[in-house]
Amino acid sequence: MAATNVEELTSGASGRIIPLFHRAKSMALLLFPSYNFLKKFIILFYSSFLCFLLLLLPRSQRFSPAEVSESEPRPAAKFRRRRLMEEEEDTRRRRALAEALEMMPVKIDGKEERESGEDCRWSTSIFFGVRRNALFCRSWFPISSNPKGIIIIIHGLNEHGGRYAHFARQLTSRNFGVYAMDWIGHGGSDGLHGFVPSLDNVVADTAAFLENVKIEHPGVPCFLFGHSTGGAVVLKAASYPHIERMVEGVILTSPALRVKPAHPVVKRGIPVSRDPAQLLAKYSDPLVYTGPIRVRTGHEILRITAYLTRNFKSVTVPFFVLHGTADRVTDPLASQDLYDQAASNFKDIKLYDGFLHDLLFEPEREEIAWDIIDWMEKRLNVAQYFGNLVD
């Protein structure tokens, strides 16, 4: 068969260069027994030449790639190690601040606490979440008798449970026990400050903490309280039947069911209280994260709000939702939609005209707290009544 002519798709110089390669190949076949032997000879010569060059290098520059990676980590590994060290140091600092925080308010209802709250005991503890993260917790309990109910406080984005000490004191004065758990990345808990890799993990931590409280206090009715994004966490946790069965109801203040354009996901520096002293106290608190919102955290907030909005009609847990009509962070109309669409048999809503986002830090916070306590007592009375009918 005649050889096929192949068009040379190169520059004009190929007419001179390609014949040279053909002649070189012909000469190699004459000089060596086989063309394969020539290839092996060239490879051996090249390897020997590289070894000779390597011997000329100083010994300090003759490390193998493995030795280089072990003795000098890659930049990415260095960055991760440094970030973990900074995160651990920041967690230790925040936990020390959380431990030192005053847990008993000076005043309640505008009056001095009698003898530094001798009728109330309080403590701090560490709870290990579903991913074994150390979560900082606080508790307040009446001394005089067994509590008629327990409320678990889940704070809002960027704050911490210690901010609710005044509310806790009002609750203990009506014979309720109180727990407050700091999320991951918040308050005295583990994690990068202000960073929440998954709100589903916060939901799972809340559920696990509730289960632990029920074990420690068998037979005592429990409520879940959530503010803002904490309200979204509480509502999603209560959507699971085994969690709903463990609670008498949930309380939601300014829940993040729909965020507004002024939400920290979009904008910073918006007023959340009409009380200047409360604003100053919040944003000068070293345990409150005031930096730009973390991208992942913002994504998680938008994700959970979208999920809840799609599932309002499936909500069956008893709830009380409270919202200020002038809230510029979360949408009070979404709270109204929740109330209108939820299938819960026991539900209430209260909209406060002209109030802002942090309801329990507004000038009228005492009255708002009593509204919450009155609702819980009403709920307990209803549960007791139907319990007696069953008995």
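The values are calculated or read from the model by the stated rules, or taken from the named source; none is laboratory data. Please read these numbers as outputs of a predicted model, since none were measured by experiment. Reconstructed Cβ throughout: ideal geometry from the backbone, glycine too, with neighbour counts over all protein chains shown.
Quick one: how many residues across region 313-344 are in contact with a helix residue (DSSP H, G or I) (Cβ under 7 Å, 6 or more places away or on another chain), within 26 Å of P271 (Cβ to Cβ) and free of Cβ contacts under 8 Å to residues at least 40 places away in the same chain?
Number satisfying all stated conditions: 1.
How about region 199-257: which helices (runs of 4 or more DSSP H) wholly inside it have at least 2 residues that are over 21 Å from R303 (Cβ atoms)?
Ranges flagged: 199-216, 241-244.
Criterion first (of a type outside the set (G, A, S), farther than 23 Å from I270 by Cα, touching a residue at least 40 places away in the same chain (Cβ under 8 Å) and loosely packed, with under 14 Cβ neighbours inside 10 Å) does W370 satisfy it?
yes
L224 - would you say it is under 17 Å from A168 (Cα atoms) and either among the hydrophobic types (A, V, I, L, M, F, W, C) or in contact with a Phe, Trp or Tyr (Cβ under 8 Å, 6 or more places away or on another chain) (or both)?
Here the answer is yes, as L224 does meet what is asked.
Quick check on region 209-218. Is at least one of its residues over 25 Å from K350 (Cβ atoms), surrounded by fewer than 17 Cβ atoms within 10 Å (Cβ to Cβ) and in contact with a Phe, Trp or Tyr (Cβ under 8 Å, 6 or more places away or on another chain)?
Yes, there is a match, as at least one residue in region 209-218 is over 25 Å from K350 (Cβ atoms), surrounded by fewer than 17 Cβ atoms within 10 Å (Cβ to Cβ) and in contact with a Phe, Trp or Tyr (Cβ under 8 Å, 6 or more places away or on another chain).
Identify the residue in region 101-111 that is exposed (fewer than 10 other Cβ atoms within 10 Å of the Cβ) and either of a type in the set (D, E, K, R) or assigned to a helix (DSSP H, G or I) (or both) and, among all such residues, is modelled with the highest pLDDT.
Ranking the candidates gives E102 first.
Looking at (1) assigned to a loop (DSSP other than H, G, I, E, B); (2) buried (at least 21 other Cβ atoms within 10 Å of the Cβ), which is the one condition that is false for S335?
Single failed check for S335: (1).
Please specify each residue of region 276-312 satisfying the condition of being under 20 Å from the mean Cα position of the chain (by Cα), without any contact (Cβ under 8 Å) to a residue 60 or more places away in the chain and not in a helix (DSSP H, G or I).
Within region 276-312, P292 is the sole residue that qualifies.
Specify the residue that is modelled with the lowest pLDDT; the eligible residues are those in region 347-391 that are among the β-branched types (V, I, T) and out of contact with any helix residue (DSSP H, G or I) (no Cβ under 9 Å at 6 or more places or on another chain).
Among those that are among the β-branched types (V, I, T) and out of contact with any helix residue (DSSP H, G or I) (no Cβ under 9 Å at 6 or more places or on another chain), it is V390.
Keeping to region 121-150, report how many residues are outside any strand (DSSP E or B), polar (S, T, N, Q) and buried (at least 17 other Cβ atoms within 10 Å of the Cβ).
Of the residues in that region, 1 qualify.
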